[in-house]
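A short reminder: the numbers here are calculations on the coordinates, not readings from a lab. Keep in mind the model is a prediction, meaning the values are calculated, not measured. Quick reminder, even Gly has a Cβ in these numbers, built from the backbone with ideal geometry, and neighbours come from all protein chains shown.
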């Protein structure tokens, strides 16, 4: 069993804090529908996908795919769309952080639960479950998301939702 | 000027065929009759042939008439449909939504459907091939040849879709379609493959969804459709074409996708269409072929009650697609029609809002279908044509389905 030095423990702690800070702020921006702030936590080469597996057709599916510019346009045009305005909250739990060898990058897996709370009466329902598979640039103890796959288990999303998870 | 309760229930000053009584969307008795007179008598799409690509692949289908079906590609490569029910004790034969019977199952041998309950087995043609301990239990009173599966009429075509009909005496599929898909023949000629499937659940009636697919006056709801379609002159030239048996087609146009921020003009085409072309055909009682090059969307409705509806959405590409072409089709399809797309969720929101508002049919005495614009895109003749067929099959007027006169005023 190797013994971690105080320095390594400290670095690991700082790294995890940086990752948590980014995940928190990115989620918070989408939850509060100050969506453009989400991009503050994404790298210039950001790539985003929502995926799911369909047992019905026995295939992996991509439900949404955007680069950073595409995500910017999608979020910028939200106000022009009629849409379901039931607010949602993204609950995530950090599960695994894996350093990418020889790079200032980590791969991060988080479990995801999305809840929706009715505006009229405040009833909360579970809307979707899945996982975030993120890759983050972690240079200088500052984490930016370079790619995100939202892997959904839930495939019945009612009428659908305009804001990405 | 707003209206009081009495005024609210007044009949509109237009012929009966231009409005409907909302009870056609909500009445349980009417819905039960629709299952018997429409869904059990009409051709429905169960799946696409690519969902049962290999011999012994199967796909379960929840038929709107209330039946569970299995679509199964036989060892002879022929696709057949059966009721998903064991003739012994009525157990469900196939539990998974899709799969293959090629391997052995916990209860039975390979290449067989074996009921998990008492291990009766059936081959891919629906023949019963084994009744466990038959001689001991039934002596000679019952044999395998007496208890085959119930086969349902099945045809594959019009883009490789698997069509089923519960009525053994129904007209064949081509006669039912009455030429409605003939103009799409060049677009349906090449083998296709399903790349996308999802369902939406809507608290509304299946006719409301078909209405939404059958009128484009609601394009005002969609920012995407306004900027990519309505701003083009040719949008206003699109016309409805009605076919026998309640089907209707809207003539095509080319869309201007790059008018929507963040979207590029489509460059990849679909066979028989220009890039960014759009063709649409609505088939009675709840199927829509919707091709926006470079992707194809197919809608099929599965009503679960008068005011509860599953809608299945499939996205299709060409079987010959390169990985790069397929990626483009998927991206373009989902940018507007996926669960996070810029168009579909809005249509579903509209139908859901209608279903919620009309859940109590006394809330509104009528729903208008009365736009007359020489059959052009904002004419509502697609919906009216559907309802003429509905009335013919149901023996009821959609404007007065319970023969009580109109709405509250008559009660």
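Values computed for the structure shown
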{"item": "For the stretch A:32-74 and the stretch B:198-218, distance of Cα centres in Å", "result": "27 Å"}
{"item": "Sum of -39500 (n - 2.57) over DSSP H runs of 4+, divided by residues of chain A (222 nm, nearest 500)", "result": "-7000 deg cm²/dmol"}
{"item": "Global form of the protein assembly as shown, assessed from the alpha-carbon gyration tensor, a/c cut-off 1.5", "result": "oblate"}
{"item": "Helix B:344-357 axis, angle to chain B major axis (alpha carbon atoms, nearest 10°)", "result": "80 degrees"}
{"item": "Whole-angstrom gap from the stretch B:313-380 to the stretch B:127-174, using each part's C-alpha centre", "result": "36 Å"}
{"item": "Global geometry of the stretch B:44-155, whether rounded, prolate or oblate, following the gyration tensor of its Cα atoms and the 1.5 cut on a/c", "result": "prolate"}
{"item": "Average silhouette area of the stretch B:106-156, convex hull of alpha-carbon atoms, in square nanometres", "result": "4.4 nm²"}
{"item": "Most mobile listed residue (B:300, B:114, B:356) in chain B, GNM with C-alpha springs under 10 Å", "result": "B:356"}
{"item": "Relative contact order %, the stretch B:44-155, counting alpha carbon pairs below 8 Å whose residues are six or more apart", "result": "21 percent"}
{"item": "Kirkwood Rh and Cα Rg combined as Rg over Rh, evaluated for the stretch B:180-394", "result": "0.95"}
{"item": "Spin-label pair residue B:77/residue A:142, simplified geometry with 7 Å Cα→Cβ offset, distance in nm", "result": "6.2 nm"}
{"item": "CD proxy at 222 nm, helix term only [per DSSP H run n ≥ 4: -39500 (n - 2.57); per residue of chain B; nearest 500]", "result": "-5500 deg cm²/dmol"}
{"item": "Whether chain A is rounded, prolate or oblate, judged on the alpha carbon gyration tensor where a/c under 1.5 counts as rounded", "result": "prolate"}
{"item": "Ranked B:217, B:158, criterion: other C-beta atoms within 10 Å, fewest first", "result": "B:217, B:158"}
